[in-house]
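To start, the structure under review is shown below, and the notes come after it.
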Amino acid sequence: MLTIYGNVFYKGRIVECGIEVENGVIVDIGKDKKGKKVDGIIMPAGIDVHVHFRDFKESYKETVESGSLSALYGGVCLVVDQPNTNPPIVDEDIYFRRMEIAKRMSYVDYSLNLGLVEDNVDEIDEILRKIEEKHYIPAIGEVFLRGKMSVRYETLEKAKKTVNKLITVHAEDPNEDDDVNAEVKAVERCLSIGKFHFCHISTAKALDMIYNTDSTSEVTPHHLIYSKEVVKLKVNPSLKSNEDRVALVRNFHKADILASDHAPHTLEEKWEGAPGFPGVETLYPMFFYMAKRGYIKISDLVEKFVINPAKIFGFDRYGGIEVGNYANFAVFDPHSEKPIRARDLHSKVGWTIYEGLMAVFPKEVYMRGEKVLEDGEILIDRGFGKVL
Ligand code: NCD
Ligand code: ZN
């Protein structure tokens, strides 16, 4: 038995107490459980439900190894990787191939969505069944409605009828030129089909439409922090006007999940217009800093980056610091704020749109009770992460 003692984010506030851990799981929490005191604030580790770790033929820009290392440095202990890889994850063989890579290479716990395309919709149930004999699939998607790997609404509807599984959608209508309308229109259409999880929502209007339905929503740091007037780089969904951005910030409380949409590309590819930004390492540090400054509530951050991701994607034993959950913690020293520098980050791409913004990076990270990061040093090997 191991006891981790200190200032713990427990049941919505910070209290001084001890956490007893056995076989990686929290078995008791209490003021009387004493142990060696950990400096800083012991937060539950983050869960990033939207990362693109590339690998395969795009290993030059990110791999499961480099992406998961970046996640660990950012206080994230579980990721959901997306299937729009090259080749894409649209059948059981490629799914198993990817999980073999993750078993050997991932620093953090790893899960993988199954892709839905026009070509596999008729077999999707069968593919799911084969994979689920070996692995836990958090969701189908992200399903694209426009661009590469896109499916028609009718196909989405068909999938919705045949599978009893969370489906995550990249909601942008293919026939609408205006990006705000494209999102609103796609969300409206999807809501008429049924329950979905909507990835990276970038407009207050769409967020509001999803709120109070049984569907769920996700927002990203880049849509909250930057407008198209300030950052000219391409991302899908696009950055919106500053007015739209402010409206999104004001409606932040309506979002269920905060996720990075970590989408790395090389600088050369960015100049050629490749959409997406890296962000798995900077999300928790930036938002912890904002919470420290009082811009957001720390309990909202935990709800959207830890509790709801576990709940919505069905991750047993993950979530807040609670008896029965894994002892996965990110320890932040609130006094150690510093500007984000791309050279300090661990994604392969070597750049960030958050250069110079203030953040508090975790000084220690624990996974299943084991200290895996301390003062910038990784104490475990790749492959330590559990594949779900
Ligand atoms: C993502 C990517 O590069 O894989 N790009 C992006 O701009 N967000 C795809 C996606 O999630 O839309
Ligand atoms: Zn997307």
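The values are calculated or read from the model by the stated rules, or taken from the named source; none is laboratory data. The shown structure was predicted, so the numbers you read here are calculated from the model rather than taken from an experiment. Positions of Cβ are backbone-derived with ideal geometry, glycine not excepted, and every protein chain shown enters the neighbour counts.
Structure above, values below:
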quantity	calculated
Meets criteria (within 15 Å of ligand 1 (Cβ to nearest atom), over 21 Å from Ile307 (Cβ atoms) and in a helix (DSSP H, G or I)) for Ala186	yes
Tally of residues being of a type outside the set (Gly, Ala, Ser) and closer than 24 Å to Ser217 by Cβ across region 265-299	18
Neighbours by Cβ (under 7 Å, 6+ apart or cross-chain): first from region 70-83, at pLDDT 95 or above and assigned to a helix (DSSP H, G or I); second buried (at least 24 other Cβ atoms within 10 Å of the Cβ) and of a type in the set (Gly, Ala, Ser)	Ser70/Ser347
Count - residues of region 52-75 that are buried (at least 24 other Cβ atoms within 10 Å of the Cβ) and under 16 Å from Leu112 (Cβ atoms)	8
Filtered residue count, region 257-277, keeping only those that are more than 11 Å from ligand 1 (Cβ to nearest atom) and buried (at least 22 other Cβ atoms within 10 Å of the Cβ)	2
Lone unmet requirement of (1) surrounded by 14 or more Cβ atoms within 10 Å (Cβ to Cβ); (2) part of a helix (DSSP H, G or I); (3) of a type outside the set (Gly, Ala, Ser) for His135	(2)
Per-region count, region 25-66, residues without any contact (Cβ under 8 Å) to a residue 60 or more places away in the chain, assigned to a loop (DSSP other than H, G, I, E, B), closer than 24 Å to Gly350 by Cα and not charged (D, E, K, R)	2
Counted residues, region 332-388 - those being in contact with an Asp or Glu (Cβ under 7 Å, 6 or more places away or on another chain), more than 30 Å from Pro275 (Cα to Cα) and without any contact (Cβ under 8 Å) to a residue 24 or more places away in the chain	2
Whichever residue in region 82-107 is surrounded by fewer than 16 Cβ atoms within 10 Å (Cβ to Cβ) and away from ligand 1 (no atom under 16 Å from the Cβ) and, among such residues, is farthest from Lys386 (Cα to Cα)	Asp93
Residue ranges of helices (runs of 4 or more DSSP H) in region 209-296 with at least 3 members in contact with a strand residue (DSSP E or B) (Cβ under 9 Å, 6 or more places away or on another chain)	221-225, 283-293
Residue in region 31-42 that is within 30 Å of Phe198 (Cα to Cα) and in contact with a helix residue (DSSP H, G or I) (Cβ under 9 Å, 6 or more places away or on another chain) present	no
Filter pass, Leu116 being more than 23 Å from Leu224 (Cα to Cα), in contact (Cβ under 8 Å) with a residue 40 or more places away in the chain and either within 16 Å of ligand 2 (Cβ to nearest atom) or part of a helix (DSSP H, G or I) (or both)	yes
Some residue of region 231-247 being closer than 23 Å to Gly75 by Cα, within 16 Å of ligand 2 (Cβ to nearest atom) and in contact with a Phe, Trp or Tyr (Cβ under 6 Å, 6 or more places away or on another chain)	no
Region 339-363, residues that are within 20 Å of the chain's Cα centre (by Cα) and in a strand (DSSP E or B)	Ala359
Failed item in (1) under 30 Å from Val169 (Cα atoms); (2) outside any helix (DSSP H, G or I), with Pro334 passing the rest	(1)
